[in-house]
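Worksheet: one structure, shown below.
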Amino acid sequence: MIDAAINGLLALSAWEVTAALLGMAYVILAARESQWCWPMAFISTLIYTVLFWEGQLPMQALLNFYYMGMAIYGFVLWRQHQQNNDELVIHSWSLNANLQFIVAGVVISFLVAYYLDINQASQRPYLDAGITVFSVMNTWLMARKVLQNWFYWIIIDAASVVLYYQTGYYATVVLFSIYTVLATVGFANWIKLYRQHPLAQTH
């Protein structure tokens with residue numbers, strides 16, 4: 001696996017490396033609650049959208065196109081609150097809200113996976129669908145500064161490591177392993193910020 005990962009990294013294009021580095025910058029800046037995480041995300045996902053489209057991976061291209069839209073939404077939302085001196089604070093979801101989120105994600109994932117499976121559109125339909133669906137849903141949580149988004153990113157990124165390992169994308173395994181670590185750091189940092197903020201609350 002190590003040799004395959006090294007060969008995969010050497011085979012990366014300059015655009016793919018740039019997109020990956022910007023993606024890591026996005027996670028690091030987001031962990032610090034910096035609004036500039038969103039421009040990093042926009043450029044990174046723009047590059048990935050083009051790369052995946054040219055690589056005949058339309059679903060991944062569409063997912064990254066969605067990320068581009070959410071990057072714009074997140075930047076406008078965070079900046080608007082900052083300019084109005086009405087800070088969008090980190091807030092925590094209740095157990096009930098998290099359970100509803102998980103159940104909705106699981107149901108949608110199974111429906112998408114079933115479609116992918118019967119049409120033989122994915123090597124790992126259930127894992128592929130789960131990662132995609134929860135990524136789409138969780139990006140909204142990030143934009144709204146819901147504390148638990150980092151916990152879900154840890155699981156999503158770890159699942160992505162498994163998916164890319166099983167499908168032979170060893171260089172991407174390395175990238176998402178780094179993302180998993182960064183998401184863990186981001187979660188710990190947001191917990192600290194959440195506890196320090198006087199307006200922090202649970203919804």
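Summary table
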{"item": "Residue in segment 27-52 that is surrounded by the most Cβ atoms within 10 Å (Cβ to Cβ), counting only those that are among the polar types (S, T, N, Q) and either within 14 Å of the chain's Cα centre (by Cα) or under 14 Å from W78 (Cβ atoms) (or both)", "result": "T45"}
{"item": "Every pair of residues 6+ apart whose Cβ atoms lie under 7 Å, when the first sits in segment 148-165 and is without any contact (Cβ under 8 Å) to a residue 12 or more places away in the chain and within 14 Å of V27 (Cβ to Cβ) while the second is in a helix (DSSP H, G or I) and of a type outside the set (S, T, Y)", "result": "N149/N138; N149/L141; N149/M142"}
{"item": "Criterion violated by A188 - all others in (1) of a type in the set (G, A, S); (2) crowded, with 18+ Cβ neighbours inside 10 Å; (3) modelled with pLDDT of 95 or more satisfied", "result": "(2)"}
{"item": "Restricting segment 99-129 to residues that are in contact with a Leu (Cβ under 9 Å, 6 or more places away or on another chain) and not polar (S, T, N, Q), the residue that is surrounded by the fewest Cβ atoms within 10 Å (Cβ to Cβ)", "result": "Y126"}
{"item": "Candidate set: segment 63-98, residues that are under 30 Å from A129 (Cα atoms), in contact (Cβ under 8 Å) with a residue 24 or more places away in the chain and not hydrophobic (A, V, I, L, M, F, W, C); chosen: the one surrounded by the fewest Cβ atoms within 10 Å (Cβ to Cβ)", "result": "S94"}
{"item": "Subset of segment 80-98 [among the acidic types (D, E) and within 21 Å of A31 (Cβ to Cβ)]", "result": "E87"}
{"item": "L88 among the aliphatic types (A, V, I, L, M) and modelled with pLDDT of 90 or more", "result": "no"}
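The values are calculated or read from the model by the stated rules, or taken from the named source; none is laboratory data. Predicted model only: the values in this text are computed from it and were never measured. Here the Cβ is made from the backbone with ideal geometry for all residues, glycine too, and neighbour counts use every protein chain on show.
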